[in-house]
Amino acid sequence: MPYAMYLRKSRADMEAEARGEGETLAKHEKALTELAKRHSLAVVKQYREIVSGENIAARPQMQALLADVNDGKYDGVLVMEIERLARGDTIDQGVVAQAFKTSGTKIITPIKTYDPNNEFDEEYFEFSLFMSRREYKTIRRRMNAGRIAAVKDGNYIAPVPPFGYKKIHPEPKVYTLEIIPEQAEVVKMIYDMRLKGSGSRAIAEELNRMGVAPIKSRYWERVSVKKILENPVYAGKIHWYSKRDSDIVCGGRHEAIIPEETFNRVQELIKSNPLAHVKNDDTLKNYYHGMLYCKNCGHQMIRRYIKASGKSHILCRYRTCRGKVVGSTMDSVDEAVLNAMKIKLAKIKEAQYDNKSDENVNIKQVAHDKRSIIEAELTRLKGQQSKIYDFFEQGIYSTDIFLERSAEISEKIKRGEAQLKEISENKTVSGSDDTELIFRIEKAIRDFDKANTNEKNKMLRSVIKKIEYSKTERQCYRKSDSDLTLDIDFL
């Protein structure tokens, strides 16, 4: 069965590397690979955390691992020690513990294997996390005190510099900002436009019209302009938020782009004439949330209520799709989805009828022959699985090739064992039993109109994996047809 490996550096590891004690992840990978080989565990994927995040939200590989653990993809996860999984606050540790317990996924370390469904292992696991959390809090207090001292000394300690600046390290323990002249001119223009009465959205649209590009995206948005207008760093200040000391605003070592007087005038203008802010809260009202995506850009479609028409519409909010993807009323999307479900239902029933008509009368002999073939193939695959560890240790396989081959063999073994189980339960050798899917589709078609939004979302998710939306032509009273196309991936 498949296993995963999670590798993450701690701050102590980084300090050790700085002293020349070797690359941490490479050492951990070697130790865990040897552990997997000793216990004949098929490692099919590695999660290598290259950032030192203080919580799960800042650790993308941990987020990916937890999603896969929740989906029950692995029998276990190899890690150097429990603390590598969760060292943050109680909520983060609870999320990790719950994910492994609910899915029944084991945690394998060089010292001990933790079974989350074993009462004693669970207690030991929780105690390890508790001790880790105490140590983590002590370290955080010390680090936070160091950050505040650095900020009060005028250092810019945030990892990413704001637009208009680049981060420099001119001398030991000094981190400050240096002006990027061409970007600084854009910042001055933004402040000038705001003083002349333009709002953040109007400023963003004007910058886009002029062809001025932001740092990390193709277009300016209202939010990015608003952040620049409210950031005191442009007036030569350092702004740092600390839970203990609240907001800290003090003089910075860097040169200001905007005079402090200009910055203060803009803040007064913002307070006296705040711009409208519309919240995008479609989680309760958009029952296609999590499954309906734009085919052009790949982003999730959103719901908007259009007051003029009195109807809810589905549309893509990304600027790259303007003029390419046309929205539709939710009624039109509902009709297309229900029609697709009816067609899918008819096809499944027709396939079931054909399978039953062609069923082999000598099914027991077929099952016996198939079992023998599968068992022989499983024996061969398990032998291959053992060899790939030797190839990896000898340097014949790189890490990527090793993981690819391990995942491939593990998946074949999983399919073979599933087929054996199917034969043992006397299921039909040819074809698949779609009785449950038929029931769910029939229920969705029958109850859709009278269900509330949460129920509709649940019914749709029970039969549909993903919907890709495309439409290029606008409708009008003279045009009755529509080029609305939905590519639906059913479960």
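Just to be sure I understand, how many residues within segment 248-288 are farther than 30 Å from Lys311 by Cβ, at pLDDT 75 or above and open to solvent by less than 100 Å² (accessible area, probe 1.4 Å)? Summing the residues that are farther than 30 Å from Lys311 by Cβ, at pLDDT 75 or above and open to solvent by less than 100 Å² (accessible area, probe 1.4 Å) in segment 248-288 gives 18.
Between Glu473, Glu468, the distinction of being within 22 Å of Arg303 (Cβ to Cβ), open to solvent by 20 Å² or more (accessible area, probe 1.4 Å) and part of a loop (DSSP other than H, G, I, E, B) belongs to Glu473 only. The set of residues in segment 31-55 that are assigned to a helix (DSSP H, G or I) and touching a Leu at 6+ places or on another chain (Cβ under 7 Å) comprises Leu32, Leu35, Ala36. Restricting to segment 141-168, and then to whatever is among the hydrophobic types (A, V, I, L, M, F, W, C), in a loop (DSSP other than H, G, I, E, B) and open to solvent by less than 30 Å² (accessible area, probe 1.4 Å), can you tell me which residue is nearest to Val187 (Cα to Cα)? Among them, the one singled out is Phe163. Of all residues in segment 57-115, those satisfying the criterion of being of a type in the set (Gly, Ala, Ser) and touching a residue at least 24 places away in the same chain (Cβ under 8 Å) are Gly72, Gly76, Ala86, Gly88, Ala97, Ala99, Ser103, Gly104.
The residue that is modelled with the highest pLDDT, counting only those in segment 113-133 that are in a helix (DSSP H, G or I) and within 14 Å of Val96 (Cβ to Cβ), is Glu122. Checked against (1) open to solvent by less than 90 Å² (accessible area, probe 1.4 Å); (2) closer than 25 Å to Lys443 by Cα; (3) modelled with pLDDT of 85 or more, Glu335 meets all criteria but (1). Looking at this structure, is Lys387 within 30 Å of the chain's Cα centre (by Cα), in a helix (DSSP H, G or I) and surrounded by fewer than 17 Cβ atoms within 10 Å (Cβ to Cβ)? Taking the combined requirement at face value, the residue does not satisfy it. For Val223, state whether it is of a type in the set (Val, Ile, Thr) and without any contact (Cβ under 8 Å) to a residue 24 or more places away in the chain. The answer is yes for Val223.
The values are calculated or read from the model by the stated rules, or taken from the named source; none is laboratory data. What you see is a predicted model; the values in this text were computed from it and never measured. As a convention, Cβ positions derive from the backbone with ideal geometry for all residues, glycine included, and neighbour counts pool all protein chains shown. Please note that ligands, DNA and RNA were not included when accessible areas were found on the heavy atoms of the full protein model with its side chains. Shrake-Rupley method; radii C 1.70, N 1.55, O 1.52, S 1.80 Å.
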